[in-house]
1. May I ask you to say which residue of ARG6, ARG32, ARG24 is at pLDDT below 90, surrounded by 11 or more Cβ atoms within 10 Å (Cβ to Cβ) and not acidic (Asp, Glu)?
2. So in region 64-75, with the set limited to residues that are open to solvent by 50 Å² or more (accessible area, probe 1.4 Å) and not hydroxyl-bearing (Ser, Thr, Tyr), which one is farthest from ILE14 (Cα to Cα)?
3. Of all residues in region 138-147, count the ones that are farther than 15 Å from ARG170 by Cβ and surrounded by 14 or more Cβ atoms within 10 Å (Cβ to Cβ).
4. Output the number of residues of region 25-36 satisfying the condition of being under 28 Å from the mean Cα position of the chain (by Cα) and of a type in the set (Lys, Arg).
5. With the requirement that a residue be of a type outside the set (A, V, I, L, M, F, W, C) and surrounded by 11 or more Cβ atoms within 10 Å (Cβ to Cβ), what does region 159-179 give you?
6. Search region 37-48 for residues being over 9 Å from ILE68 (Cβ atoms) and either among the acidic types (Asp, Glu) or more than 29 Å from the chain's Cα centre (by Cα) (or both), and hand back the single one that is surrounded by the fewest Cβ atoms within 10 Å (Cβ to Cβ).
7. So, in region 127-142, how many residues would count as being basic (Lys, Arg) and modelled with pLDDT under 90?
8. Would you tally the residues in region 68-110 being outside any loop (DSSP other than H, G, I, E, B), closer than 27 Å to ALA53 by Cβ and modelled with pLDDT under 70?
Amino acid sequence: MEQTARDAVLASRILKHIHSTAKRLARSGRIRGMDAEDIAQDLFLDLWRRCPAFDPSRASFPTFADRIIAHRAASLTAQTQRAQIERREIRIDDPVEGADGSTLADILPDPAAPDELDHGLSLDLRRFIESLSPALQRCCAILAEPNIRSAAAQAGSHRSSLYENARRLRRRAEQAGLRIYLAGPRQISTPAGRCPA
């Protein structure tokens, strides 16, 4: 019975060569993010994919496998410009090349920075609160606290009057046009009912 190329990949000599090459590459540290098992798996899969290209008239399968493994190891450790950029680690406080001495932290956008909508909300809310009476402004301050019960007690206000003022605030905020900053309703706006027959 003739042995196929894919069956020959599993030969112990070839597997031993893959594992020893993987261990050597892992010890060298030239392939970041991959340990010996990852490298061995990559080498084996590359050889497995290339088995259909094996031509017994040109060389024996062990020679073919040795060449495939050597070429894949070389391509894994090749220092292309893109690979160098991807693999290079940079700390956030290191100076960035080409910039005027600025660090990575200086040029990265702040994900918590307010956008235009946040800025508009802040201006409209400030104007709204300034237009309120002192009692309603105090109510806003109490409602902004994490514990409303203790904040109301410290302000000397009863909770029932606080909630009544909160309803007034809600109506006045809607009249002032602040509803546009709220998310849309979760329900369908048209009432649900039977489909016409």
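1. Testing whether each residue is at pLDDT below 90, surrounded by 11 or more Cβ atoms within 10 Å (Cβ to Cβ) and not acidic (Asp, Glu) leaves just ARG6.
2. ALA74
3. 1
4. 2
5. ARG159, SER161, TYR163, GLU164, ASN165, ARG168, ARG170, ARG172, GLU174, listed by residue number.
6. Result: GLU37.
7. Adding up the residues that qualify gives 1.
8. Of the residues in region 68-110, 2 are outside any loop (DSSP other than H, G, I, E, B), closer than 27 Å to ALA53 by Cβ and modelled with pLDDT under 70.
The values are calculated or read from the model by the stated rules, or taken from the named source; none is laboratory data. All values derive from a computational prediction rather than experimental measurement. Note: ideal-geometry Cβ built from the backbone for every residue, glycine included; neighbour counts use all protein chains shown. Just the protein is used for accessible areas: all its heavy atoms, side chains included, with ligands, DNA and RNA removed. Shrake-Rupley method; radii C 1.70, N 1.55, O 1.52, S 1.80 Å.
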